[in-house]
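The values are calculated or read from the model by the stated rules, or taken from the named source; none is laboratory data. Just so it is clear, the structure is predicted and the values come from calculations on it, not from any experiment. Every residue, glycine as well, gets a Cβ built from its backbone with ideal geometry; the counts of neighbours run over all protein chains shown. Surface areas here come from the heavy atoms of the whole protein model, side chains and all, with no ligands, DNA or RNA. Shrake-Rupley method; radii C 1.70, N 1.55, O 1.52, S 1.80 Å.
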Amino acid sequence: MEFMWNECKNYFNDGVIPGSAPFRSNVHICDLTPPPTNNHNHNHDYGIEISQQLMPLFSTLGGISPPPCTCHDITAIRQHIDNYIHTAPSTHPNDYTIFTEKNDTSIDIICLYTLRDVLQWWTFWAGSLNSTQDRWKLLYIAFGTIADDVMIPPIDVLNGTFRFLGHTLADVLAGLQSEHVNPHDLKFLEMCLWRQYIVQYLEKCDPSLRTMLLGKTTLMTQFRIATANAAGTAVAVLAAMGTQSRGVLDAVVEMMGTGCCLSMDMAKEALGVLNGEGTETVAGERERLKRELRWVYVRCIERLNGVACAPVAKRYATSGLVYVFLMERYRERVSGVRVPISGALRAVLDGLVGG
Ligand SMILES: [Zn+2]
């Protein structure tokens, strides 16, 4: 795992926060400012724009306030992870433990449900499904998402011990190549997935990591983008739209990822998912943290107005406001029980998984 972690650090580098690699940021969140009011290039046609003026009109949302800067604390997180990884045992008693809290008993079934979730997310992000052209992009996102649901040792992904419904990471990367994903994007996708697996794994076997993030909005945001692989997923969506990213230098991808995670957090709060649990983003001083989270969200969304890929980028960055209410993944989280997979859905999933 140490080898993978060092590769990630070398690949992502520091960005604007010294010592932050691999949690690179190209934009310092706290420096984001609202656009001038006479700016007419707003692209309000794309995604769901809920501006800071309109948020207080919703009882599920409210006002915003700038968070104190905790961005530089990411170096302490990075150091904590360095120390842990340096002495980590090669296996952990909780390896392959299930974290879904939905009464699941088999990892393969969870993989299938994860692929369902990705199909549904994709519907919001891409607006259509071309399972021939984008099959491996969907499998890539699902391959990452399973790390949230099951504690999978990162090394097992690297050496092919872990297979997602029969497919190794190498199969997925070769598949992406066959879909003509640009080689630079492909490398970015691979490194984002390594980083995601490492932080997801550590978050599960080292609870003190979570404690270090609590109550710190901008720090939590930096960390979550990595655990959710929101940037890698954004690049997969852009690739499906024929847009090549700028990889680790891409501030638009960064804003897309932040918007996607935080719009999801806002909707989860409204739905009551995770409410009161230790793993929710705003655990602790909820009202203050929610105001800060909304501040980060509106600044990121404003930033996407006027970029060349705004139709895709804003749609992606605001999608959480809709998908949380419509997707089984979140509704199951409230009920604690799976929704059975229908015959029609099963046929599409089987087609994606292949023989
Ligand atoms: Zn800051």
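Structure summary
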| quantity | calculated |
| --- | --- |
| Identity of the residue in segment 135-152, crowded, with 21+ Cβ neighbours inside 10 Å and of a type outside the set (A, V, I, L, M, F, W, C), that ends up farthest from Glu7 (Cα to Cα) | Asp149 |
| Selection from segment 55-87 of residues that are open to solvent by 60 Å² or more (accessible area, probe 1.4 Å) and either within 16 Å of the ligand (Cβ to nearest atom) or under 13 Å from Ile29 (Cα atoms) (or both) | Pro66, Pro68, Cys69, His72 |
| Members of segment 332-353 found to be farther than 30 Å from Gly272 by Cβ and free of Cβ contacts under 8 Å to residues at least 12 places away in the same chain, listed by number | Gly343, Ala347, Asp350 |
| The one condition in (1) of a type in the set (S, T, N, Q); (2) within 16 Å of the ligand (Cβ to nearest atom); (3) in contact with a helix residue (DSSP H, G or I) (Cβ under 9 Å, 6 or more places away or on another chain) that Ser90 fails to fulfil | (2) |
| Val16 vs. criteria surrounded by 12 or more Cβ atoms within 10 Å (Cβ to Cβ), touching a strand residue (DSSP E or B) at 6+ places or on another chain (Cβ under 6 Å) and β-branched (Val, Ile, Thr) | yes |
| Residue in segment 181-201 that is within 16 Å of the ligand (Cβ to nearest atom) and open to solvent by 20 Å² or more (accessible area, probe 1.4 Å) present | no |
| Boolean, Arg299 is open to solvent by less than 30 Å² (accessible area, probe 1.4 Å), assigned to a helix (DSSP H, G or I) and of a type in the set (D, E, K, R) | yes |
| Unique match (being assigned to a helix (DSSP H, G or I), surrounded by fewer than 20 Cβ atoms within 10 Å (Cβ to Cβ), hydroxyl-bearing (Ser, Thr, Tyr) and more than 16 Å from the ligand (Cβ to nearest atom)) among Thr123, Thr100, Thr114, Thr105 | Thr123 |
| Any hit, segment 10-17, residues being more than 15 Å from the ligand (Cβ to nearest atom) and out of contact with any helix residue (DSSP H, G or I) (no Cβ under 9 Å at 6 or more places or on another chain) | yes |
| Conditions (1) within 16 Å of the ligand (Cβ to nearest atom); (2) at pLDDT 95 or above: number failed by Leu32 | (2) |
| Check on Phe164, among the hydrophobic types (A, V, I, L, M, F, W, C), open to solvent by less than 10 Å² (accessible area, probe 1.4 Å), over 14 Å from Thr233 (Cα atoms) and without any contact (Cβ under 8 Å) to a residue 60 or more places away in the chain | yes |
| Search result, residues across segment 302-326 that are open to solvent by less than 10 Å² (accessible area, probe 1.4 Å) and β-branched (Val, Ile, Thr) | Thr318, Val324 |
